[in-house]
1. With only Lys, Arg, Asp and Glu charged, each at its Cβ (+1 for the first two, -1 for the last two), find how big the charge dipole of region 47-260 is about the Cα centre; round to the nearest 20 debye.
2. Relative contact order for region 108-218: what percent, with Cα pairs under 8 Å and sequence separation of 6 or more?
3. Of the listed peptides 37-47, 208-218, what is their order by residue-averaged count of other C-beta atoms within 10 Å, with the highest listed first?
4. Find the relative contact order for the chain and round it to a whole percent, using C-alpha pairs within less than 8 Å whose residues are 6+ positions apart.
5. Pull up all non-local amide H partners of Arg177: gap of 5 or more, or a different chain, and H-to-H distance under 5 Å with H placed in the peptide plane.
6. For the chain, count the residues as N, evaluate 2.2 N^0.38 Å, and divide the Cα radius of gyration by that value, please.
7. Tell me, Lys316, Lys229 in order of fewest to most beta-carbon neighbours within 10 Å?
8. Within a 10 angstrom radius of the beta carbon, how do Thr158, Thr167 rank from fewest other beta carbons to most?
Amino acid sequence: MTESLAAPAPAGSRRPGWGHRLAPHGALLALVLLILFNAAFTPNFLTWQTLNVNLTQVCATVIVGVGMTLVIATAGIDLSVGSLMAIAGALAPLIFLGHLVPGLSGPPAIVLAFVVPVAVTAALGWFNGWLITRFRIQPIVATLVLFIAGRGIAQVMTNGNLQVFNTPGFQWIALERVAGIPVQAILMAVVVVVAAWALRRTLFGRRVLAVGGNETAARLAGVPVVRVKRGVYALSGALAGVAGLIVVARNSAADANLVGLGVELDAIAAAAVGGTLLTGGRASVVGTLWGALLIQLVRYTLLANGVPDAAALVVKAGIILAAVVLQVRRAP
């Protein structure tokens with residue numbers, strides 16, 4: 001399923017070949033082939049433990065990737081998501097452990113530990129959009145500000161110390177299961193479904209794609225370009241905050257130096273592999289899910305078959321390169 005804007009084909013033009021028609025589903029097809037390969041050749045692949053490991057490893061990336069997909073759909077980019085994850089991950093324990101507000105504990109502290117970090121990262125995401133729209137700064141430069149400063153903010157908040165905790169009321173988001181399914185996987189699925197529906201079926205989604213397809217034309221057509229851009233960056237920040245909470249809850253610790261490190265590149269890679277056009281105007285949230293799962297499964301496959309993790313990085317780079325080349329070939 002690809003959410004896109006496309007001009008109608010001119011009369012008399014050749015119908016696209018089967019390869020062109022399959023291209024939007026390339027990540028899903030590659031994922032299916034990789035699953036079949038592992039089922040045949042990787043020991044203990046078809047077990048619940050293996051599924052659980054891969055699911056829990058990919059949830060945060062997918063959630064961040066959804067926000068990244070919306071940003072890229074407007075012809076933008078968000079390099080700050082990893083640092084925003086670190087800020088959310090550092091802030092939550094400070095709240096529910098009572099370090100930020102002395103005397104605050106119990107359910108009120110747990111609720112605030114979920115709400116406040118996400119609100120803060122959403123506001124910082126909006127700040128990215130404000131920089132871009134107010135001063136016409138290129139997105140890669142504007143978001144580089146928080147990419148650098150955000151992790152420093154998280155380190156200052158924690159004095160650079162590891163925050164270790166055992167708080168079931170907070171950690172359910174990563175450790176609890178419903179009918180055997182991790183809560184974080186259910187949350188990931190909800191985020192993907194809602195975002196995919198919004199991009200395809202709502203006015204906001206059409207405006208996002210219109211801005212990315214041709215910002216000047218969108219503005220002339222009455223699309224509130226500034227609000228749309230600030231909105232998608234705020235959403236990206238909020239989803240990064242949710243992902244940060246999941247990571248620290250899963251690890252039972254918050255490390256401002258490591259939480260979210262490199263996730264911005266994984267999110268961009270998942271979107272690109274999943275068929276989102278990096279120049280904007282065409283996006284697939286579901287494709288981002290397939291892309292993230294494919295990248296995770298490639299890494300698992302290589303490690304399970306004795307290939308060093310460094311080689312997995314090279315293979316990941318090759319997958320991204322192939323995705324970009326396919327995008328260029330598909331471009332009108």
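1. 740 debye
2. Contact order relative to length: 13 percent.
3. 208-218, 37-47
4. For the chain, the relative contact order is 34 percent.
5. Under 5 Å from the amide H of Arg177: Val183.
6. Cα-based Rg divided by the globular estimate yields 1.01.
7. Lowest to highest Cβ neighbour count: Lys316, Lys229.
8. Thr167, Thr158
Bear in mind that the values in this text are calculations on the coordinates, not laboratory data. Small disclaimer: the values here were computed from a predicted structure and weren't measured. Note: ideal-geometry Cβ built from the backbone for every residue, glycine included; neighbour counts use all protein chains shown.
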